[in-house]
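What follows is a set of notes on a single structure, which appears directly below.
Quick note: the coordinates plus some simple rules give every number you see, no bench work behind them. This one's a predicted model, so the numbers in the text were calculated from it and none came from an experiment. Don't worry about glycine lacking a Cβ; one is built from the backbone with ideal geometry, like all the others, and counts go over all protein chains shown.
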Amino acid sequence: MYEFKTGNELLNLCSAYNKSIGEITILYEMETSEKSREDILLKMKANLEVMREAALYGLTRDIRSVSGLTGGDAKKLWKYTEAGHTLSGTHTAMAVAKAMAVSEVNASMGRIVAAPTAGSCGIIPGALLTAAEILNSTDDDVINALFTASGVGITIAYNATLSGAEGGCQAECGSAAAMAAAAVTELVGGSPEQALNAAAFSLKAVMGLVCDPVAGLVEIPCVKRNAFGASNALTAADMALAGITSRIPFDEVVEAMYRVGKVMPYELKETAKGGLADTPTGKRIKEELSGK
């Protein structure tokens, strides 16, 4: 009854039952998992707590990744933001700092929620937790928004890919940004249509983004791409909430992303053989780590 595979099918369900994307996704999960609403909500609440813990840890601790390549940048940006020195605005900088914090926790082998992947784990918490603080949202509100993100992720997984190895970073950080944008839009009170417009904006913004991890590690440029993914999501949400619509429908954007990923050279899909990984500095870092 509540099954959907595309954004258009999701919107039709929202219209037919007069419910949000988040609520339809909860009903979908209940139907497909045969679990109670309470069990499903408790599991998502646990995910929310892990996101919060990871963000706090990364913002307040002096952490370093196992390789030593990354760590501590989120804390630097957080202090810079608290001092009021921002050009992008306090809220955007806060979201970016949280996104980096969670990504740095991942690189240091900490506990995160792969949302939708470990490589893009900071984008949804960065954007959503910041929006929730701005709005003074309840936990229930944020949990519902996480289901909104899940609903968008389901459609992308069905019709394209969430894997950097298959579709480039557009499929990982791009999908995460799209999920976050939709979640933030519904959290603010936007309609399902506005949420999918926001998701389309986010994904279009990074169409063709390659996956080129230096030394094959999910650190450079992954942490910084999580940062920009959170900023992307908030910007996309604002555009949608302002009444701007995507001339290319969400489903077609997803299909285009998948086609782009298919023709992308394998060197640019998580092989660490192209892009930034193939620069002189990228190669030197790989050699230095190999010699350890």
* To do: Go through 30-36, 94-100, 138-144 and give me the packing order, highest mean Cβ count within 10 Å leading.
  => 94-100, 138-144, 30-36
* **the chain - Cys residues lacking any other Cys C-beta under 4.7 Å** => Cys14, Cys121, Cys173, Cys222
* Hey, what angle do you get for helix 280-290 against the long axis of the chain, alpha-carbon based, 0 to 90 degrees rounded to 10? -> 80 degrees
* **Among Ala233, Ala272, Tyr258 the positive-end extreme of the charge dipole of region 181-292 (Cβ point charges)** => Ala272
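Hey, which of these cross-link pairs are over 22 Å Cα-Cα: Lys35/Lys98; Lys45/Lys98; Lys5/Lys204; Lys76/Lys224? Intermediate values should be presented prior to the final figure.
Numbers: Lys35/Lys98 32 Å; Lys45/Lys98 19 Å; Lys5/Lys204 20 Å; Lys76/Lys224 13 Å.
Correct reply: Lys35/Lys98.
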* To do: Calculate the length of the line joining the C-alpha centroid of region 169-198 to that of region 115-163, in whole Å.
  => 8 Å
* Asked: Using the scaling law 2.2 N^0.38 Å as the reference, what is the normalised Cα Rg of region 1-71?
  -> 1.63
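Please order Leu48, Leu41 by the number of other Cβ within 10 Å, starting at the fewest. Let's see the in-between values first.
Numbers: Leu48 20, Leu41 17.
Arranged by neighbour count, lowest to highest, Leu48, Leu41 become Leu41, Leu48.
Relative contact order (percent) for region 1-141, with alpha-carbon contacts under 8 angstrom and 6 or more residues of separation?
20 percent
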* If a/c stays under 1.5 just call it rounded; otherwise compare a/b with b/c (prolate if a/b is bigger, oblate if not). Do that for region 65-202, with a ≥ b ≥ c from the square roots of the Cα gyration tensor eigenvalues. => oblate
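Could you work out the equivalent-ellipsoid semi-axes for the chain, taking the square root of 5 times each eigenvalue of the Cα gyration tensor, largest first, in whole Å?
On the way: eigenvalues 177, 97, 60 Å².
Semi-axis lengths for the chain are 30, 22, 17 Å.
Please report, in debye to the nearest 20, how large the charge dipole of the chain is about its Cα centre when each Lys and Arg carries +1 at its beta carbon and each Asp and Glu carries -1 there. Don't jump to the answer; show the numbers that get you there.
Values: 26 positive and 33 negative charges, 199 e Å.
The calculation lands at about 960 debye.
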* Structure fact -> Tilt, helix 21-33 to longest principal axis of the chain (alpha-carbon atoms), in degrees rounded to tens, equals 90 degrees
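Among residues other than Ser15 whose Cβ falls under 12 Å from its Cβ, what is the net charge (Lys/Arg +1, Asp/Glu -1)?
On the way: positive: Lys19; negative: Glu9, Glu193.
Cβ neighbours under 12 Å give a net charge of -1.
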* Taking Cα pairs under 8 Å and at least six residues apart, what relative contact order does region 171-289 come out at, in percent? -> 36 percent
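May I ask you to derive the relative contact order of the chain, considering only C-alpha pairs under 8 Å and at least 6 residues apart, and to give it as an integer percent? Spell out each step's value before the answer.
Values: 554 pairs, mean separation 57.2, N = 292.
Contact order relative to length: 20 percent.
Add +1 for every Lys or Arg and -1 for every Asp or Glu among the other residues with Cβ under 15 Å from the Cβ of Ala277, and state the total. It would help to have the intermediate numbers written out before the result.
On the way: positive: Lys224, Arg225, Lys269, Lys273, Lys283, Arg284, Lys286; negative: Asp212, Glu219, Glu267, Glu270, Asp278, Glu287, Glu288.
Surrounding charge for Ala277 is 0.
Go through region 102-187 and name the GluC sites (Glu not before Pro) that are in a DSSP coil and have 12 or fewer other Cβ atoms within 10 Å of their Cβ.
Details: sites: Glu104, Glu133, Glu166, Glu172, Glu186; in loops: none.
Listed in order of number, the matching sites amount to none.
Could you work out [θ]222 nm for the chain from helices alone, using -39500 (n - 2.57) per DSSP H run of at least four and dividing by all its residues? Round to the nearest 500 deg cm²/dmol. Please list the in-between numbers first.
Working: 13 runs with 193 residues, N = 292.
-21500 deg cm²/dmol, from helical runs alone.
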